[in-house]
1. Condition test on residue 88, is it within 33 Å of the chain's Cα centre (by Cα), closer than 21 Å to residue 125 by Cα and open to solvent by less than 20 Å² (accessible area, probe 1.4 Å)?
2. Within 24 Å of the chain's Cα centre (by Cα), in a helix (DSSP H, G or I) and either on the phi > 0 side of the Ramachandran plot or in contact (Cβ under 8 Å) with a residue 24 or more places away in the chain (or both), is that true of residue 256?
3. Of the conditions (1) crowded, with 16+ Cβ neighbours inside 10 Å; (2) farther than 28 Å from residue 237 by Cα; (3) in contact (Cβ under 8 Å) with a residue 40 or more places away in the chain, residue 95 fails just one. Which one is it?
4. Can you tell me which residue within the range 385-409, out of those that are on the phi > 0 side of the Ramachandran plot and within 48 Å of the chain's Cα centre (by Cα), is surrounded by the fewest Cβ atoms within 10 Å (Cβ to Cβ)?
5. Filter the range 198-217 for residues that are assigned to a loop (DSSP other than H, G, I, E, B) and either in contact with an Asp or Glu (Cβ under 7 Å, 6 or more places away or on another chain) or surrounded by fewer than 24 Cβ atoms within 10 Å (Cβ to Cβ) (or both) and give the result.
6. Could you grab the pairs with beta carbons closer than 6 Å, sequence gap of 6+ or different chains, first residue in the range 228-250 and without any contact (Cβ under 8 Å) to a residue 60 or more places away in the chain, second one surrounded by 15 or more Cβ atoms within 10 Å (Cβ to Cβ) and basic (Lys, Arg)?
7. Scan the range 45-52 and give yes if some residue there is assigned to a loop (DSSP other than H, G, I, E, B), loosely packed, with under 14 Cβ neighbours inside 10 Å and free of Cβ contacts under 8 Å to residues at least 60 places away in the same chain, otherwise no.
Amino acid sequence: MAANSLAPDAPDVTSFDASVTAYDESERPTVVLSETYFYPEGGGQPADRGTIADVAVTDVQSVDGRVVHRLAEPLPAGEGDSVACTVDSAFRTYCRRAHTASHVLYGAGRRLFEDLGYGGFGITAPDVDGETASGGKVRVDFRTPTDIDDDALVELERLTNRAVWDSREVSWERVPADEALDREDVAFNTKTEEGITGDTVRLVTVDGWDIAACGGTHVANTRDIGPVTVLERSNPGEGLTRVEFAVGPRAIDRRADDHRAALRAARALGSAVSDLPEAVARLQDGRADLESELSALRERYVDARVAALREDVVERDGRRWLVGTVEGVDANALADRAGTLAGDAAAVVALVADDASLAVATDGAVDAGDVVDDVTDRFGGGGGGSPTVAQAGGLDADPEAVVGFLRGE
């Protein structure tokens, strides 16, 4: 538990009186109280908000064994004075729910993933207004060899919300450190060893679901968490999977957005939401068929276009040049086609795409790179290649202008 804060063991207390034991205005006002129910930042949980003697508390930190409250402006009191203190109850409630939800989510992970280890936790502070909390999210880092795919995420969310619905009691106690460290059922943050202070460890237990060393504030029953919605996953480091989720209003809004999107997609595909995977699979199969058909048609078009160009080969410097435009084909495809024609249809084959990219292939008597250099010197852009195959792109010209230049017109 953070240094002498009473918040973890009495999270319902949000209003109290205390005496000022230390006060400093040297940089920005800070105050130390005889006792405090403000939670100092630590273990992934943000510092409480609130007021001391009606002055806003901007931060709370544990410094050298004391809880230091940073203030927005000077305190209208001095050492020895009694001050009224108020913790922002809406923000405290959000943090309690979010922190307990991380335990429940980890408990769900215990049931799904192999060799599970606890890699970290954090609450992104939300904007809180009354009973709403928008913009905040919570993360839990799982250390496991199990691949946490989409199906696993959905099951993780389902089990978490089921544990919320089951109204499991949440309790906390201190036990000897040696005893806690010897227990295989206790989750520890291996990076910070959160919850370990001195000879004892503070254990937070979700009845029949999870037990972890933790110094944060929690709700007394999982039903007080409210809805939990998984937002996304990522990989912050080797062997780690980060799962980010929301509780409360953001969780509700995200679920509504996802449901709305699913309904719209189902309507567009003429399907029920439950049948969306099959509908999408049919759509993908149809797309693959169309792409195959389009590729075949494109090949037929290129064949026809090249056949037409064969009828219009020009003579340049005593060599035959096949030059023309071929629409709907990228530079790489042009280079492949030009390479098959060079030496057969003409000594030099120069094909220009509709985006003014260029592919040149030769039988070796003319340097393809020199041809590309001549074009880029005239029209800009850049390119290069070997003596027999070269390409250019970014030409500042109409394709027909490039063709005319290559034909020597």
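1. On the way: within 33 Å of the chain's Cα centre (by Cα): yes; closer than 21 Å to residue 125 by Cα: yes; open to solvent by less than 20 Å² (accessible area, probe 1.4 Å): no.
No, not satisfied.
2. No, not satisfied.
3. In the conditions (1) crowded, with 16+ Cβ neighbours inside 10 Å; (2) farther than 28 Å from residue 237 by Cα; (3) in contact (Cβ under 8 Å) with a residue 40 or more places away in the chain, residue 95 misses (2) alone.
4. Ranking the candidates gives 394 first.
5. Taking the range 198-217 and keeping what is assigned to a loop (DSSP other than H, G, I, E, B), we get 198-199, 207-209, 214-217.
The answer is 198, 199, 207, 208, 209, 214, 215.
6. Pairs that qualify, where the first residue is without any contact (Cβ under 8 Å) to a residue 60 or more places away in the chain and the partner is surrounded by 15 or more Cβ atoms within 10 Å (Cβ to Cβ) and basic (Lys, Arg), are 234/242.
7. No, the range 45-52 contains no residue that is assigned to a loop (DSSP other than H, G, I, E, B), loosely packed, with under 14 Cβ neighbours inside 10 Å and free of Cβ contacts under 8 Å to residues at least 60 places away in the same chain.
Table: residues versus (1) touching a residue at least 60 places away in the same chain (Cβ under 8 Å); (2) closer than 23 Å to residue 223 by Cα; (3) among the hydrophobic types (A, V, I, L, M, F, W, C).
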{"position": "18", "(1), (2), (3)": "yes, no, yes"}
{"position": "29", "(1), (2), (3)": "no, no, no"}
{"position": "34", "(1), (2), (3)": "no, no, no"}
{"position": "73", "(1), (2), (3)": "no, no, no"}
{"position": "85", "(1), (2), (3)": "yes, no, yes"}
{"position": "102", "(1), (2), (3)": "no, yes, no"}
{"position": "107", "(1), (2), (3)": "yes, yes, no"}
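The values are calculated or read from the model by the stated rules, or taken from the named source; none is laboratory data. For clarity, every value in this text was computed on a predicted model and none was experimentally measured. Note that each Cβ is placed from the backbone with ideal geometry, even for glycine, and that neighbours are counted across all protein chains shown. All accessible areas refer to the heavy atoms of the entire protein, side chains included, with ligands and DNA or RNA removed. Shrake-Rupley method; radii C 1.70, N 1.55, O 1.52, S 1.80 Å.
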